[in-house]
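Colleague: If you scroll down you'll find the structure; I have some questions about it.
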Amino acid sequence: MYIDDKRVRLAAFDWLSAQERIYGDVLPRKILEQGFIIDGQRVPLISAQGIFKPKVLAEIPISITTSPKGPYDDQMGGNDLLSYRYRGIDPMHRDNVGLRKAMVEKTPLIYFFGLMPGKYVAVRPVFIAGDDPVNLTFDVAVDDRDLIGYYARKQTNAVADSSVDEGRRVYITAVVKQRLHQRGFRLKVLSAYHEQCALCRLKHAELLDAAHIIPDGEPGGEPVVTNGLALCKLHHAAFDNFFLGIRPDYMVEVRKDILAEEDGPMLQHGLKGLQGGKLIIPRALNARPSPGKLEIRYKQFLAS
């Protein structure tokens, strides 16, 4: 039995906000699969398929999902929007038709971005902004969360047609995309290092950062685990400011002028004591810091 589309979407958005107050912005897949109850019917928000329409909705999906298996499953599409792949290769598959209808009717959707297996960020509202049957993709735009109620309650979302709103969406989409990739980077790096500093073994996640070996924004500075180190905030700052360097063989060197300084116990044990030590690295080979990236960074350390 179908339920009014706008009621379901508003309830879904409200329910997600409530879950975020419990779990934070990273939600476990299990609760998304369970979903919520409305009019005595259960409404899951995610399934094994990337494009998902619960049974209570007549035609238009409620969510699209990006798999967490790769670092960049979504790509920048036309007009700096996200590009989301069709279900299969048939443009007329019912899931693709559903997203096309969402585009025509300007219906708000939820975009679940997979950070790691079983862990997702719920981005909302998102809108299908374009259809590319040649490349089998849809353009997806993110909009301001404060507008969820407005969009969901309008009969038509004509406000989204103006160039002002299109510009806002492009900006918000770019900001959200960057935030999601950095959020995923932190989660994956800290997980690879078992949530401990690779230099001092500090295990309090609140005091740990996912540090880039090659800085974000520079060539080779992608937010991938092999370009990351789990470091406490002290050692992150020391690494970024070339107080210490890490050789491609994972050995640690402290800058000579720092070694010559005389100060309190923090300098002695927090920095000078690292000289000649070895970086703690993940067991998984594909999660270990790239020797090539470390070499680039180490040469910068020597030059400093």
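The values are calculated or read from the model by the stated rules, or taken from the named source; none is laboratory data. Just so we're clear, the structure is a prediction, and the values are computed from it rather than from any experiment. So basically every Cβ, Gly included, is an ideal-geometry build from the backbone, and we count neighbours across all protein chains shown.
Colleague: Do we have any residue at all in the range 92-100 that's free of Cβ contacts under 8 Å to residues at least 24 places away in the same chain, touching a Phe, Trp or Tyr at 6+ places or on another chain (Cβ under 9 Å) and either surrounded by 14 or more Cβ atoms within 10 Å (Cβ to Cβ) or under 18 Å from ARG168 (Cα atoms) (or both)?
Modeller: yes
Colleague: Being aromatic (Phe, Trp, Tyr) and farther than 22 Å from ARG186 by Cβ is the filter; apply it to the range 14-66 and report the residue that is farthest from the chain's Cα centre (by Cα).
Modeller: Top of the filtered list is PHE36.
Colleague: Can you tell which of LEU202, LEU244, LEU274 is closer than 24 Å to LEU115 by Cβ and aliphatic (A, V, I, L, M)? I'd like the intermediate steps shown before the answer.
Modeller: Details: LEU244 fails: closer than 24 Å to LEU115 by Cβ; LEU274 fails: closer than 24 Å to LEU115 by Cβ.
Answer to the check: LEU202.
Colleague: Name the residue that is farthest from ALA287 (Cα to Cα), counting only residues in the range 199-258 that are touching a residue at least 60 places away in the same chain (Cβ under 8 Å) and more than 18 Å from the chain's Cα centre (by Cα). Spell out the reasoning first.
Modeller: In the first step, residues of the range 199-258 are kept if they are touching a residue at least 60 places away in the same chain (Cβ under 8 Å); the result is 199-201, 213-214, 220, 222-229, 242.
Now drop any that are not more than 18 Å from the chain's Cα centre (by Cα), which leaves 199-201, 213-214, 220, 242.
Numbers: LEU199: 16, CYS200: 19, ARG201: 17, ILE213: 13, ILE214: 16, GLY220: 16, PHE242: 23 Å.
The qualifying residue farthest from ALA287 (Cα to Cα) is PHE242.
Colleague: Here is a further query. So LEU231 ticks every box in (1) surrounded by 14 or more Cβ atoms within 10 Å (Cβ to Cβ); (2) among the hydrophobic types (A, V, I, L, M, F, W, C); (3) more than 26 Å from LEU180 (Cα to Cα) but one. Which box is left unticked?
Modeller: All conditions are met except number (3).
Colleague: Name the residue that is surrounded by the most Cβ atoms within 10 Å (Cβ to Cβ), counting only residues in the range 259-295 that are farther than 17 Å from ALA238 by Cα and hydrophobic (A, V, I, L, M, F, W, C).
Modeller: Only one residue fits best here, namely ALA287.
Colleague: Quick one: in the range 181-198, which of the residues that are outside any loop (DSSP other than H, G, I, E, B) and among the aliphatic types (A, V, I, L, M) is nearest to ILE280 (Cα to Cα)? Don't jump to the end; show me each part of the working.
Modeller: Taking the range 181-198 as the starting set, the residues that turn out to be outside any loop (DSSP other than H, G, I, E, B) are 181-192.
Next, only the ones that are among the aliphatic types (A, V, I, L, M) stay: 187, 189-190, 192.
Values: LEU187: 18, VAL189: 13, LEU190: 12, ALA192: 11 Å.
Looking at the filtered set, the residue picked out is ALA192.
Colleague: Being in contact with a helix residue (DSSP H, G or I) (Cβ under 8 Å, 6 or more places away or on another chain) and either within 17 Å of VAL254 (Cβ to Cβ) or not in a helix (DSSP H, G or I) (or both) is the filter here; which residues of the range 282-304 pass it? Steps first, please.
Modeller: Pass one, the range 282-304, residues in contact with a helix residue (DSSP H, G or I) (Cβ under 8 Å, 6 or more places away or on another chain): 282, 284, 286-290, 293.
Listed by number, the residues that qualify are PRO282, ALA284, ARG288, PRO289, SER290.
Colleague: Taking the options ASP146, ASP131, name whichever one is surrounded by fewer than 21 Cβ atoms within 10 Å (Cβ to Cβ), in a strand (DSSP E or B) and assigned by TED's automatic domain parsing to the domain that holds LEU10.
Modeller: Numbers: ASP146 fails: in a strand (DSSP E or B).
Going through ASP146, ASP131 in turn, just one is surrounded by fewer than 21 Cβ atoms within 10 Å (Cβ to Cβ), in a strand (DSSP E or B) and assigned by TED's automatic domain parsing to the domain that holds LEU10: ASP131.
Colleague: Then there's this: I'd like to know if the range 23-42 contains one or more residues that are of a type in the set (D, E, K, R) and at pLDDT below 95. Even if it seems obvious, please write down each step before you answer.
Modeller: Within the range 23-42, the first condition is being of a type in the set (D, E, K, R), and the residues that meet it are 25, 29-30, 33, 39, 42.
From the residues that got through so far, the ones that are at pLDDT below 95 too are 25.
Checking the range 23-42: at least one residue is of a type in the set (D, E, K, R) and at pLDDT below 95.
Colleague: Of everything in the range 241-258, what is loosely packed, with under 14 Cβ neighbours inside 10 Å and within 23 Å of HIS204 (Cα to Cα)? Give them in sequence order.
Modeller: Answer for the range 241-258, where residues must be loosely packed, with under 14 Cβ neighbours inside 10 Å and within 23 Å of HIS204 (Cα to Cα): just ASN241.
Colleague: Just checking: which of the helices (runs of 4 or more DSSP H) contained wholly in the range 1-120 hold 3 or more residues that are of a type in the set (Lys, Arg)?
Modeller: 5-23, 94-105
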